[in-house]
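Inspection log for the structure reproduced underneath, given as structure tokens.
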Amino acid sequence: MRAEFFSGVDEHGCVDGVSLASLADAFGTPLYVYRAAAMRAALHAYHAHGLERQVALYYAVKANSNLVLLRLFAEAGTGFDIVSGGELERVLRAGGAPSSVVFSGVAKSDAEIACALAVDIGCFNVESPAELRRLAELAASAGVVAPVALRVNPDVDAGTHPYISTGLRGNKFGVAIADAPALYREALQLPSLKVVGVGCHIGSQIRAIAPFLAAMDSLLPLVDALLAEGAPLEHLDMGGGLGIATEDAPEVPSAADLSRALLSRLGDRPLRLCLQPGRSLVGNAGLLLSRVVFTKAQSERRFLMLDAAMNDYIRPALYQVRPTMLNVSRPYDGAGRMDVVGPVCETGDTFARDFPMSGERGDLVAICGTGAYGFSMASSYNSRPRPAEVLIEDGKARLIRHRESLEDLWAQEVL
Ligand code: LLP
């Protein structure tokens, strides 16, 4: 078994020396469990050995926005890719530097832009002519100069799930590559804007380097033309999107190979190369720990019913992802397969059908590879409080988010 698919769970049911059973006893289930060492290792993996230049990393906050993880990344020297005013506040609360923030998103509100201008973020990744003009107005009225890059849509197929492909012409994202030169020319004329970069982001859970290189090839003529015209470009941002290895699709390029390939294609252009990884930094560093509530056999199917559900981890229901799962309490006896489901009142609340797992009431099941887009997409659907989160660091586990209480569920409601 390849440890990365199992988020570091060993044959004794331990993660970095801490037993999952002890975590379930101490913190209850369902419970998100993250490993600091795995996140640091994933960061480090982006460094391509033997090269003079390295990529600059901007952690995509949406993947997992817990303050403790943001602080870990800030302390490790990464910047942050944000997509909302809420994510900006989180980064600031966690101690991230405003200058290390890049702000993506197709529909930034005036209030969000104003907050980002007020703290002087590193770069606005602008996604439309209308946004460019609005940003210029708001910056001018605030008496500041906004650093901008256009998020260019390179019309590249990232070969990923249609919901998370973003770099195709028909997607809502970015400025069409054909329209970018004119919009850059406009931006260069606006005194309240400073053009600092060119950006793109083509999708997520990408399993090959070729689409990244295709995107870069499509952007480089624009970059070269802008440099030749004297635009004060400082960076080229190739976005996030590198996939993680899963049991179904174990082969993904390494982060170092991606960095190396992109740096070498960039050549000696005087630009910082930026990436905005989310999933590849936290995905396999986290798991969702749950307990078997009941089992049942019905109409030739056998069900293993967990206390975790689609509200805790929605990716199987939303993107038809089949997670890697492990019964931590007993080895698989090879006897048949089970449908692993949650308690929510929808058939879509199924983690996997026909999964090679046996189990009994009370067993602990780890749903692995859920550190990214797990908690951050969780909801309280069915009035289920969202899970607690713990971080394992230096052989110790600490609570980094309390389990929601029932009172939390209706705290904002007005009776
Ligand atoms: N930068 C931008 C502008 C993005 O939109 C995204 C992700 C990233 C970076 C980070 O991409 P990553 O390295 O994590 O692939 N909820 C979906 C994923 C949505 C990704 C959206 N954008 C999922 O669970 O698969």
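The values are calculated or read from the model by the stated rules, or taken from the named source; none is laboratory data. Note that the structure is predicted; figures quoted are calculated from it, not measured. FYI the Cβ positions are ideal-geometry reconstructions off the backbone, even for glycines, and counts take in every protein chain you see. Surface accessibility is based on the protein's heavy atoms, side chains included, excluding ligands, DNA and RNA. Shrake-Rupley method; radii C 1.70, N 1.55, O 1.52, S 1.80 Å.
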>> Using the crude model of +1 on Lys and Arg Cβ and -1 on Asp and Glu Cβ, and no other charge, please compute the dipole size for the chain relative to its Cα centre, in debye to 20.
In response: 140 debye
>> Give the lysines whose C-alpha is closer than 27 Å to that of K172, dropping any in the same chain fewer than 8 places away, or say none.
In response: K62, K108, K194
> Which value results for Rg/Rh of the chain when Rg is the Cα radius of gyration and Rh the Kirkwood radius based on the inverse mean 1/r?
Replying inline: 1.00
>> For the pair V414/E75, report the inter-label distance in nm, with labels modelled 7 Å from Cα in the Cβ direction.
In response: 4.2 nm
> So how strong a dipole does segment 48-280 carry about its Cα centre when Lys and Arg Cβ are +1 and Asp and Glu Cβ are -1, to the nearest 20 debye?
Replying inline: 220 debye
> Angle between the Cα long axis of helix 180-189 and the longest principal axis of the chain, 0 to 90 degrees, nearest 10?
Replying inline: 60 degrees
>> Report for the chain the percent antiparallel among DSSP-assigned beta bridges with both residues inside it, nearest 5.
In response: 45 percent
> Of L193, L117, L51, which has the largest mean-square fluctuation in a 10 Å C-alpha GNM of the chain?
Replying inline: L51
>> Placing +1 on the Cβ of each Lys and Arg and -1 on the Cβ of each Asp and Glu in segment 11-164, which of L43, V119, A107 has its Cα farthest towards the positive end of the resulting dipole?
In response: V119
> How do C368, C115 stack up against each other in accessible area, from largest to smallest, with a 1.4 angstrom probe?
Replying inline: C115, C368
>> Around A182, under 14 Å between beta carbons, what's the net of Lys plus Arg minus Asp minus Glu among the other residues?
In response: -1
> Given C-alpha coordinates of segment 48-280, what is the ratio Rg to Rh with the Kirkwood estimate of Rh?
Replying inline: 0.94
>> Contact order normalised by length for the chain, with contacts defined as Cα pairs under 8 Å and 6 or more residues apart; what percent is it?
In response: 20 percent
>> Full-extension gain between A37 and L188, please, as 0.36 nm times their residue separation minus the C-alpha to C-alpha distance.
In response: 50.0 nm
> Residues with amide H under 5 Å of V152's amide H, sequence separation 5 or more or different chain, H placed in the peptide plane at 1.01 Å from N; which?
Replying inline: V175, G199, C200
>> Looking at segment 147-238 only, what percent of DSSP beta bridges run antiparallel? Nearest 5 please.
In response: 10 percent
> If you line up the long axis of helix 210-228 against the longest principal axis of the chain, both from Cα atoms, how many degrees apart are they, to the nearest 10?
Replying inline: 20 degrees
> Around G79, which amide H atoms from residues at least 5 apart in sequence, or from another chain, sit under 5 Å from its own amide H, with H modelled in the peptide plane?
Replying inline: L57, Y58, Y59
>> Calculate the FRET efficiency for E251 and A26 from the Cβ-Cβ distance with a Förster distance of 25 Å, rounded to the nearest 0.05.
In response: 0.10
> With a sphere of radius 11 Å drawn around the Cβ of R301, what net charge do the other residues whose Cβ falls strictly inside it have (Lys, Arg +1; Asp, Glu -1)?
Replying inline: +1
> Sorting E407, E112, E389 by accessible area (1.4 Å probe), largest first, what list results?
Replying inline: E407, E112, E389
>> Give me the one-decimal Kirkwood hydrodynamic radius in Å for segment 201-279, with the sum taken over alpha-carbon pairs.
In response: 13.3 Å
>> Using Cα springs under 10 Å in a Gaussian network model of the chain, which residue among P129, P385, P221 shows the largest mean-square fluctuation?
In response: P221
> Counting only protein chains, not ligands or nucleic acids, how are S65, S264 ordered by accessible area (probe 1.4 Å), most first?
Replying inline: S264, S65
>> Tell me whether segment 1-126 comes out rounded, prolate or oblate; compute the Cα gyration tensor, take square roots of the eigenvalues as a ≥ b ≥ c, and use a/c under 1.5 as the rounded threshold.
In response: oblate
> Which residue, G336, G239, G95, has the most motion in a Gaussian network model of the chain that connects Cα atoms within less than 10 Å?
Replying inline: G336
> Which percent, nearest 5, of DSSP beta bridges in segment 48-280 are antiparallel?
Replying inline: 5 percent
> Got a sec to turn the phi values of segment 86-94 into Karplus ³J(HN,Hα) couplings, 6.51 cos²θ - 1.76 cosθ + 1.60 with θ = phi - 60°, whole Hz, x for Gly and Pro?
Replying inline: x, 5, 4, 4, 4, 4, 5, 4, 7
